[in-house]
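Step one of this worksheet: look at the structure below.
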Amino acid sequence: MGINSACGIRVNSTSESGLQVGGGNVSVSQGGIGVVADGYQHGGGTISPTPTTGIPPFGDPLAGVPAPPVDGNCNQKLLVTTPRSIPYGTYCGGIEIKTSGEVTFQAGTFVLLGGGLTVDSGYYPTMTGSNVTFYNTGNAGNPYGPIKLTASGSTVLSAPTSGPLSGILFFQDRSIVSTATSYFDASRGEQYTGALYFPTTPVKYRGTKTFPPYTIIDAWTITMVDTAAINNNYSSLAGGASPIHSALLVE
């Protein structure tokens, strides 16, 4: 396991287990590593630079991003079994993909009202979509479901470059209470350009050395698997600025 990041890491936990580094190497070229706790767990490998412990606690760095409206008159759960283009809108029960063909998400906001977005095991679709945001929520009739993405090396999803959701690719409803982990597999060279924002639920990210232009991971807990590369090229966004000016790991 290793992390090569061009932007900073912050851990908003008072526990020394908030930051745990196993046998891999962690390298941050800009922004440093800050931990609210007075220490961290280091099981091997290298960490560069040395984390600064005891930093002041901080709030949700994306708290100012407005949640999109949720339309109760939504489409039923979408089961994708053949290559197709998917229009933006609200999907009750979410979206489930069971094809290895090409799946295109049209530009806009996809509200996943329960069910999340899932690629079933054994399928490796090529998913493409630019200027898209996936808002993951739920209600009593449509229980919340996590994001589960395994795909192919040709998958490229990117966040809007302007507007209130600029830079936000995945946005978990802040009111959700769940221990369900969302999983992003980038091991075949997939590119998820934008913020993966899960303020109250866990995220697991499996990466490669492939650099999408930028990635922000802001979640309750984050598990990094294999070698993950985090870049900070925000030139596609207004003023070339990140929505939060750094990549944060939040617990």
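Annotations for the structure displayed:
- Simple label model, 7 Å out from Cα along Cβ direction - Asn233 to Ser48, nm: 2.3 nm
- Projecting label points 7 angstrom from Cα along Cα→Cβ for Arg188 and Ser85 puts them 2.3 nm apart.
- Region 64-226, relative contact order in percent, only Cα pairs under 8 angstrom and at least six apart counted: 15 percent
- Stretch gain in nm, segment Glu102-Lys77, where the contour uses 0.36 nm per residue and the Cα spacing is subtracted: 7.1 nm
- Counting only residues at least eight positions apart within a chain, or on another chain, the aspartates and glutamates with an alpha carbon under 13 Å from that of Lys148 are Glu96, Asp120, Asp185.
- Kirkwood Rh, Cα atoms: Rg over Rh of the chain: 0.96
- Summarising the label geometry, the points placed 7 Å from Cα in the beta-carbon direction at Phe211 and Ser162 lie 2.7 nm from one another.
Throughout, read-outs are computed from the coordinates displayed, never taken from laboratory work. Nothing here was measured: the structure is a model prediction, and the numbers come from that model. With ideal geometry, Cβ positions are generated from the backbone for all residues, glycine too; neighbour counts draw on all protein chains shown.
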